[in-house]
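The values are calculated or read from the model by the stated rules, or taken from the named source; none is laboratory data. None of the values given here were measured: they were computed from a predicted structure. Neighbour counts run over all protein chains shown; Cβ positions are idealised from the backbone, glycine included.
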Amino acid sequence: MNRRTFINQTIKVSSLVGLSSVVHPMIWEKSYDKHITILHTNDVHSHIDPFPQNHRKFPNRGGVSRRYSLIQQIKAKNPNTLLLDAGDAFQGTPYFNFYGGELEYKLMSKMGYQASTIGNHEFDNGIDNIAAQLQHAKFDLLNANYDLSNTSLDGLVRPYQIYEVEGISIGVFGLGIELDGLVSKKLYKETQYLNPVEVAQDQVKILKQDHQCDLVICLSHLGYDYQSDKISDIKLAEQTQDIDLIIGGHTHTFLDKPSKVLNQAGKITLINQVGWAGLNLGRIDFYFSHNQEQGVKDVVIEV
């Protein structure tokens, strides 16, 4: 699977979303053997309902019901679809205050998420609450750079998971932001933060070399970019290699299309983030070919 074409789009979740919003580039399907769709969200922050009709910026936008319908439409056209989240599913509306994350995880399970990573707001009711709410999650919670060995999450959170989709091996790992200064120590307890760049390189080695994954995706809650030396998705891409896609969160960054960043090997890593509150659903389609004479060597992006 050494020839790939990437085609992407960001789908707005609003009252206007319908089948006509889902663009399928059939011209590529005729040329490539396998088609994998990655759908993703970040920083939904307990926004179960749409914004009210009189909201100043996002009138009648978002909502779990619309997102679920859109996901089902896309899966009906391409069953080879993964649904991923980059953290901060918790905190932001009274649903979290009343249910502590139970409703969020139940709804994510109903929508068919395969994996999420841990955002800093997942700790708002304490690390033990995350462990308690995981009984409602029918998806993997992934993080590789938090040492959770002396916490209630020990054994409940995996550093990575590999998903086999239509013969394509997809390795997904998670990274979280440094909690010191963002979250009270009494909430994250004995969680130890590890250098995300070093950890990412270790995870990529495991996934690419040891497990021979065709595609490596990082679920990152580090933030898109900062005007400082603070590690971000941009810096992570520049300082590593063999990460095909970084699905980001934390900074609530609305990207019209994925950023293309040259990694340490001089190849492109895609970075995408779709704002917050479930207003957008990110979509990236990967096309694979067995034919050595077919396809392109580098990444091609169409919006």
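A search for C-beta distances below 6 Å between a residue of the range 254-280 that is more than 18 Å from residue 197 (Cβ to Cβ) and any residue that is part of a strand (DSSP E or B) and hydroxyl-bearing (Ser, Thr, Tyr), counting only pairs 6+ apart in sequence or on different chains, returns 274/10; 280/10. Filtered by the rule that a residue be surrounded by fewer than 21 Cβ atoms within 10 Å (Cβ to Cβ) and either among the small types (Gly, Ala, Ser) or under 30 Å from residue 107 (Cα atoms) (or both), the range 257-274 gives 257, 259, 265, 266. All conditions in (1) closer than 26 Å to residue 234 by Cα; (2) hydroxyl-bearing (Ser, Thr, Tyr); (3) surrounded by fewer than 17 Cβ atoms within 10 Å (Cβ to Cβ) hold for residue 184, with the sole exception of (1). If you check 231, 206, 162, which single one turns out to be surrounded by fewer than 17 Cβ atoms within 10 Å (Cβ to Cβ) and out of contact with any Lys or Arg (no Cβ under 8 Å at 6 or more places or on another chain)? Of the residues listed, the single one that is surrounded by fewer than 17 Cβ atoms within 10 Å (Cβ to Cβ) and out of contact with any Lys or Arg (no Cβ under 8 Å at 6 or more places or on another chain) is 162. Consider the range 187-203 and keep the residues that are in contact with a helix residue (DSSP H, G or I) (Cβ under 7 Å, 6 or more places away or on another chain) and under 12 Å from residue 222 (Cβ atoms). The one that is surrounded by the fewest Cβ atoms within 10 Å (Cβ to Cβ) is 197. Selection within the range 255-268: residues that are modelled with pLDDT of 95 or more and in a strand (DSSP E or B). The member of this set that is nearest to residue 120 (Cα to Cα) is 261. When the range 28-56 is filtered for residues that are part of a loop (DSSP other than H, G, I, E, B) and closer than 20 Å to residue 91 by Cα, the ones remaining, listed by number, are 42, 43, 44, 45, 46, 47, 48, 49, 50, 51, 52, 55.
For the range 96-109, which residues satisfy the criterion of being surrounded by 21 or more Cβ atoms within 10 Å (Cβ to Cβ) and either part of a helix (DSSP H, G or I) or among the aliphatic types (A, V, I, L, M) (or both)?
The initial filter retains those residues of the range 96-109 that are surrounded by 21 or more Cβ atoms within 10 Å (Cβ to Cβ), namely 96, 101, 104-105, 108.
Of everything in the range 96-109, those that are surrounded by 21 or more Cβ atoms within 10 Å (Cβ to Cβ) and either part of a helix (DSSP H, G or I) or among the aliphatic types (A, V, I, L, M) (or both) turn out to be 96, 104, 105, 108.
Selection within the range 35-54: residues that are touching a helix residue (DSSP H, G or I) at 6+ places or on another chain (Cβ under 9 Å) and under 30 Å from residue 167 (Cα atoms). The member of this set that is modelled with the lowest pLDDT is 35.
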